[in-house]
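K.L.:
Quick one: this structure, given as C-alpha cells, is what I'll be asking you about.
The values are calculated or read from the model by the stated rules, or taken from the named source; none is laboratory data. Note that the structure is predicted; figures quoted are calculated from it, not measured. Here Cβ is always computed from backbone atoms with ideal geometry, including for glycine, and neighbour counts include all displayed protein chains. Only protein heavy atoms, including side chains, enter the accessible area calculation; ligands, DNA and RNA are left aside. Shrake-Rupley method; radii C 1.70, N 1.55, O 1.52, S 1.80 Å.
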Amino acid sequence: MAGANPFQSLLKEINVNGETFHYFDIASFPEYRELPYSVRVLLESAVRNCDNFQVLEKDVRGILRWKQLKGTPTSDDELEIPFKPARVILQDFTGVPAVVDFAAMRDAVLKLGGDPDRINPICPSDLVIDHSVQVDFARSEDALAKNQDLEFERNKERFTFLKWGAKAFNNMLIIPPGSGIVHQVNLEYLARVVFQDAAKEGAARMLYPDSVVGTDSHTTMINGLGVVGWGVGGIEAEAVMLGQAISMLLPEVIGYKLVGKLNPLVTSTDLVLTITKHLRQIGVVGKFVEFFGPGVSELSIADRATISNMCPEYGATVGYFPVDKNALDYLRQTNRAEEKVRVIEAYLKATDQLRDFGNAEQDPVFTQIVELDLASVVTSVSGPKRPHDRVAVSEMQQDFRQCLVSKVGFKGFAVPEAEMSAEGSFSWTDGKTYALRHGSVVIAAITSCTNTSNPSVMLGAGLLAKKAVEAGLKVAPYIKTSLSPGSGVVTYYLKESGVIPALEELGFNVVGYGCMTCIGNSGPLDDNVANTIEKNNLVCCGVLSGNRNFEGRIHPNTRANYLASPLLVIAYALAGTVDIDFEKQPLGTRPDGSAVFLRDIWPTRAEIQTVEQKHVIPAMFRDVYEKVELGSDSWQGLNAPTGKLYPWDTQSTYIKRPPFFDGMTRELPKIGNIVNARALLNLGDSVTTDHISPAGSIARNSPAARFLSDRGLTPRDFNSYGSRRGNDDIMARGTFANIRLVNKLVPRPGPRTLHIPSGEEMDVFDCAQRYAGEGTPLIALVGKDYGSGSSRDWAAKGPYLLGIKAVIAESYERIHRSNLVGMGIVPLQYLAGQNAESLGLTGQELFSIAIPESCKPHERIPVSTDCGKQFEVIVRFDTEVDLEYFRNGGILNYMIRKMID
C-alpha cells in the first residue's frame, strides 16, 4: 500500500505575487545538472509521486543514474521506470471510445459487485472535439457553415454522448466542436507549462511541470512549448486517467544541435521535413530527441511546435524544446495571465528548468549529439508515399518522373513506357475542357496541425496568394482546394492581415476546423475528374500541408501525395502539376502575356514577420478562447441524457457497449498456449495504423457498408469510420480495410485474405468470422515497423475483435506494441536477421506458440508449424507491467479488477 513520500525533505516554499507555493527541489540532487531537460521532468514526477507503492524510491534513484545508464550510445542497460503525467488530452475520435469504455467499465464493475462511481478520471483530462470535418463543400463562401452543419447532422448522436460524458464523469473538460484542432487548442489554450494545483484548505498550492499524454501521436506538438508529452493509445490513456502510472524504459536522449540561421526564403515546413528525414536515417524510434544550440533561439514557438508535431514521422517518443524566454513570451502573446507567467518563470528558475539556448554551460549530457546547420535547409516537399522521403523542390520534377518508372514501392509506380504520356480530358461547368496527365494536382489542401499552428507559414501562404492574384494567376476550377485552420485565431489573423480575399479567389476557402485532408477526409472528387483518372490509369497527386501521406490515406484517386508548406500547396495548385521545374517553368502569365515565376510571388521571411508582428496579438486569443467552452448554439441545444450509467441504445450504429468485458470474472484467466492457429494475414514492412485501423470513408462494397445497409442506412448516411469509432460492429468490419493493403496471401492489393482450408478469397472480416465459427485461433505475420503512424487504439482493438491472439513481426512502432499488449494480444518478434521469408514461411501453415505461465519480459519462446518448421521468437513484453496487463487479458480488465479489490 501507499506510504509516506521518502523525499518529503525536498519540499520547499517559493513566494510569487504575494502568494506562497510549494515545490519539490529536484535541483538539489548532485546528478541533476547533467540530466537532459526532458529527463528532469520524468524525475520530478517520480519524486513528487513517490509512495513506495506505484513509484518506488529506487525508481527515483534509477532516473538519477541516467548518465551511467544512457549517457553514451554504448550504454544499453534497460531500466523500467514509472511516469505519472500531469494530465491527459483526448480528441473526439479517440475520446469517444474512451468514454464508451469508461461507461462499459462502470457496467462491468457494477456486475462484478463493485462501486461504478470509482470509474472516474483521476488525472485531469481535456477532451477536444476536433471532429475531423469531411470536405464535402470546398470552393464556396459558405463552405465552413455547410460543412459544419452537415457534420453536426451526421454526428449529433456522438456529440450528445460526449455531452453526457462531460456531466457523468468528474475532472473532464470538454471543448465543443468547431473550436479547432486538438493540438493547436492544446498549444494556444490548454497547456499549463507549470501546474499550479488548487490549494487544499490551509495548504499552499503545489507547483510542478505540465506533462501530458494524448490519444493522438501528434500530442508531441506541445513539446515545442516546453511541455513533455507524447501519444499513447486510447487504451493506455484510459488507465492513466484512472490514476495508473505509465511503465516505460528510461529513454536514450539524442541531443539535436541547431546552429546558424535559416535562408530568408525557406519555411519551417522545409526545416521539419529536413529534420524528419535526418532523424529517420539516424534511427530514433523509442528515444527522446531534445533540441539545443544557438539555432533554437532563431525559431519561434510555432516553428518549434511544427518540428515537435512531426515527431511520430521521425519515430521518436518526444521532440522536446525546453522552456526559454521565447516560450514565456508566447504565453503572454496567447493571452495567458501575467500573474501565472510570473509563477511559471519563478518555478522554472528555482528548479533549473529555464533554458538559455545561447549558454553552452547549460548543455546537459546526451546519449548522442547530431547537428544541423539551419543555413543548409532548402525548399522541400516529402513524398510520394511517406513523410520522411524528402525531396528538394529543385529536384522535384526529376524525382517524380523517376518515381513513375521505378518498380512499385515507396518511391515507385511502375508505369509502363507506353503509358508515360497517358492523358484524359473532361468538360467542366465553365464550358471549358481540361486535361489530366501523370502528375496533375487534383487536391491541394492547407490542412493539419503541423502547419496551421504556425503564423509564419499561414501568413506566408496568404501573402503568396495575394501576389498571385495581383499577377492575374488562377487555380484550375477542378482542383479541390481547401483551407482548414487549426483554430479560430488563425482565421482571425488571416482576416485582419487582409489576405483572406486572395486565398478565396484562388479557391482556398475556410472549410472547417479540425483534421481533414491529412486524415483522409478529403471528401469526394468531381465524378468527371475521378472517372478520367481511373479510365486512363493516371498517377494524379494531392499536395497538402499535413503530416501523413501514406498510401490510400488522402484519397483513393491520388496515388501520389506530397507534404509541403502552405505556400507550396498554393504554388503547386497554381501550376496544376508536380511535374514542373519552378526555376525554369513559369506558373502562368500576366494579362500582358509576361511569364510569372514562383520566385516573383514568393514572400521573404522578413515580409512575413512584419505582418505577423502587427496582426498576431493577445486580444485575438482572448476573443476566441474566452467563450470556447460554451460551444455553438447547436452544441448548447443538445439534450444529453443524465445519470452515471449510460442508457445504451441497442439499435444505435454510433454508440454501442463494447464486448471487451463480456464474460469477465474476478479471477485471473489462465495463460494458455496458442495451438493450431492460422495466419489471417501475411504482411510486409511499414504496415501503418492506416492499413490496420478503420479510417476515412466507408467503401460501398465493404463489410461495414453491408452492415449499415442491412440496418436501413443509405451510402449518404454511412459517414466515416472515425465518426463511428464508438461502435465495435463497424470498427471490426473496417479493420484491415485499406484499399492499399498488400497481403501476401492474395494476389492483389486490397482488404482481402485467403481462407486457407477452403482456398477461398474473402474480405478480411468475413474470413475472420468463418475462422471463429470453426474455432480456429488467428495470428498475423508482419515485417518491420509494424503499426507506424497514428496512435490508434482501434489498430489493436480491431485485430482483437477479429480473433487475432498474437502478432509475429520483425519490429514494432512503440505505441502500437503497447496497444497490442493493452488488448491482451501477444506481440512476438523474430530473432535478429530472421523474418517470414528467411524462415521459408508462406503464411499458409498451422502455427503453435508455447507461452509459459511464468513468461518473462523479452523471453525467447518456441513456435512450431505443421510442416515441421520450428523457430524461436522474442516475447515483446518489455516490462513486468506489460506482463501484468497480459495476464489480466488487457489493461482495462486489469483496472476493473483493481477497482473491485
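K.L.:
So what is the relative contact order of the chain, in percent, for Cα pairs below 8 Å that sit 6 or more residues apart?
P.N.:
Once normalised by length, the contact order is 13 percent.
K.L.:
Right, here's the next one. Taking the Cβ of Thr879 as the centre, find all other residues whose Cβ is under 14 Å away and add up their charges (Lys, Arg: +1; Asp, Glu: -1).
P.N.:
-4
K.L.:
Which value results when the Cα radius of gyration for the range 536-687 is divided by 2.2 N^0.38 Å?
P.N.:
Dividing the Cα radius of gyration by 2.2 N^0.38 Å gives 1.83.
K.L.:
Quick one: give the max-minus-min coordinate of the C-alpha atoms of the range 378-615 along each principal axis, largest first, in Å.
P.N.:
Extents along the principal axes, in whole Å: 54, 39, 35.
K.L.:
A follow-up question, please. Over all directions, average the projected area of the Cα convex hull of the range 629-727 and note it in nm².
P.N.:
Numbers: hull surface 48.3 nm².
Averaged projected hull area, Cα only: 12.1 nm².
K.L.:
Please work out how much length the chain gains when fully extended from Ala375 to Glu419, using 0.36 nm per residue of separation minus the C-alpha to C-alpha distance, in nm with one decimal.
P.N.:
Working: separation 44, 0.36 × 44 = 15.84 nm, distance 4.08 nm.
Here the segment from Ala375 to Glu419 would lengthen by 11.8 nm.
K.L.:
Something else about it: Treat each spin label as a single point 7 Å out from the Cα along the C-beta direction, and report the Gln68 to Glu884 distance in nm.
P.N.:
Taking the simple label geometry, Gln68 and Glu884 are separated by 2.6 nm.
K.L.:
Using 1/(1 + (r/R0)^6) with R0 = 56 angstrom and r between the beta carbons of Thr842 and Asp581, what's the FRET efficiency to the nearest 0.05?
P.N.:
0.75
K.L.:
Looking at the range 99-175, which GluC sites (Glu not before Pro) are DSSP coil and have at most 11 other C-beta atoms within 10 Å of their C-beta? Show your work: numbers first, answer last.
P.N.:
Numbers: sites: Glu141, Glu151, Glu153, Glu157; in loops: Glu141.
Filter output for the range 99-175: Glu141.
K.L.:
Still on this structure, I have one more. Please work out the Cα center distance from the range 830-885 to the range 406-462, rounded to the nearest Å.
P.N.:
44
K.L.:
Right, another one. Between Lys349 and Gln651, 0.36 nm times their residue separation minus their Cα-Cα distance comes to what?
P.N.:
Between Lys349 and Gln651, full extension yields 103.0 nm more.
K.L.:
Set the Förster distance to 22 Å, then compute FRET efficiency between Asp685 and Lys869 from the Cβ-Cβ distance, nearest 0.05. Before the final figure, lay out the partial values.
P.N.:
On the way: r = 22 Å, r/R0 = 0.98.
Given R0 = 22 Å and the Cβ-Cβ separation, E is 0.55.
K.L.:
Could you state the number of Å between the C-alpha centres of the range 380-404 and the range 515-538?
P.N.:
The two parts, judged by their Cα centres, are 21 Å apart.
K.L.:
Moving to a separate point now. Can you tell me what the convex hull of the Cα atoms of the chain projects to on average, as an area in nm²? Please list the in-between numbers first.
P.N.:
Working: hull surface 143.7 nm².
The directionally averaged projection comes out at 35.9 nm².
K.L.:
Another question about this same structure. If R0 is 35 Å, what FRET efficiency do you get for Asn170 and Asp51 from their C-beta distance, rounded to 0.05?
P.N.:
So the FRET efficiency works out to roughly 0.95.
K.L.:
State, to one decimal in nm, how far the label point of Leu630 lies from the label point of Ser594, with both points 7 Å from Cα in the Cβ direction.
P.N.:
Between Leu630 and Ser594, the label points sit 5.2 nm apart.
K.L.:
For the range 857-901, what is Rg from Cα atoms divided by 2.2 N^0.38 Å, rounded to two decimals?
P.N.:
Dividing the Cα radius of gyration by 2.2 N^0.38 Å gives 1.59.
K.L.:
Just from the alpha-carbon atoms, what are the Rg and Dmax of the range 635-686 in angstroms?
P.N.:
19.8, 55
K.L.:
Please list the radius of gyration and Dmax for the range 672-898, considering alpha-carbon atoms only, with Å as the unit.
P.N.:
Radius of gyration, then largest Cα-Cα span, for the range 672-898: 17.0, 52 Å.
K.L.:
Something else now. Ranked from the most accessible area to the least, with a 1.4 Å probe and all protein chains present, what is the order of Lys12, Lys584? Please report the intermediate quantities before stating the final value.
P.N.:
Numbers: Lys12 80, Lys584 160 Å².
Largest accessible area first, the residues go Lys584, Lys12.
K.L.:
Across 5 Å bins from the origin, how do the percents of Cα pairs in the range 258-323 run, short distances first?
P.N.:
4, 18, 30, 28, 15, 4, 0
K.L.:
Which of the GluC sites (Glu not before Pro) found in the range 1-89 are loop residues per DSSP with 13 or fewer other Cβ atoms within 10 Å of their Cβ?
P.N.:
Sites meeting the loop and neighbour criteria: Glu78.
K.L.:
Also, I was wondering about something else. For a distance above 19 Å, tell me the whole-number percent of Cα pairs in the range 510-587 that qualify.
P.N.:
Value for the range 510-587: 40 percent of Cα pairs lie more than 19 Å apart.
K.L.:
Could you order peptides 113-123, 803-813 by the average number of other Cβ atoms within 10 Å of their residues, highest first? Please list the in-between numbers first.
P.N.:
Details: 113-123: 16.6, 803-813: 22.8.
The densest-packed peptide leads the list: 803-813, 113-123.
K.L.:
May I ask for the net charge around Gly243, where only other residues with Cβ less than 12 Å from the Cβ of Gly243 are counted and Lys, Arg are +1 while Asp, Glu are -1?
P.N.:
Result for the neighbourhood of Gly243: +1.
K.L.:
Next question. What is the Cα radius of gyration of the range 264-422 over 2.2 N^0.38 Å, N being its residue count?
P.N.:
Numbers: Rg = 19.9 Å, N = 159, 2.2 N^0.38 = 15.1 Å.
Cα Rg divided by the expected 2.2 N^0.38 Å: 1.32.
K.L.:
Using label points projected 7 Å from each Cα along Cα→Cβ, tell me how many nm separate Asp149 and Arg748, to one decimal.
P.N.:
Taking the two extended label points, one gets 4.1 nm.
K.L.:
Order Thr367, Thr20 by their accessible area, 1.4 angstrom probe, all chains in place, largest first.
P.N.:
Thr20, Thr367
K.L.:
Kirkwood Rh and Cα-based Rg: tell me the resulting Rg over Rh for the range 85-374, rounded to two decimals.
P.N.:
Result: Rg/Rh = 0.99.
K.L.:
Counting only DSSP beta bridges with both residues in the chain, what percent are antiparallel, rounded to the nearest 5?
P.N.:
45
K.L.:
On to the next question. On the principal axes of its Cα set, how long, how wide and how thick is the range 40-176? Give whole Å, largest value first.
P.N.:
Sorted from largest, the Cα extents of the range 40-176 read 60, 48, 22 Å.
K.L.:
Here's another thing I want to ask about it. So what's the back-of-envelope 222 nm ellipticity for the chain, counting only DSSP H runs of four-plus at -39500 (n - 2.57) apiece and dividing by all residues, rounded to 500?
P.N.:
Helix-only estimate at 222 nm: -9000 deg cm²/dmol.
K.L.:
A follow-up question, please. Can you give the % of DSSP beta bridges in the range 672-898 that are antiparallel, to the nearest 5?
P.N.:
Numbers: 20 of 34 bridges.
Expressed as a percentage, antiparallel bridges in the range 672-898 total about 60.
K.L.:
Summarise the accessible area of the range 378-615 (1.4 Å probe, protein heavy atoms) by the percent that is carbon and sulfur.
P.N.:
48
K.L.:
How big is the Rg/Rh ratio for the range 546-616, C-alpha atoms only, Rh by Kirkwood, two decimals?
P.N.:
Reported Rg/Rh, Kirkwood definition of Rh: 1.06.
K.L.:
Note the full-extension length gain between Gln362 and Leu79 as 0.36 nm times their separation in residues minus their Cα-Cα distance, in nm to one decimal.
P.N.:
99.3 nm
K.L.:
How charged is the neighbourhood of Glu298? Take every other residue with its Cβ under 11 Å from the Cβ of Glu298, and add Lys/Arg as +1 and Asp/Glu as -1.
P.N.:
Surrounding charge for Glu298 is +2.
K.L.:
Please check which bits of the range 645-682 a label hung off Asp717 would reach, taking the label as a point 7 Å along Cα-to-C-beta and the cut-off as backbone N under 18 Å.
P.N.:
Counting only backbone N, you get 649-656.
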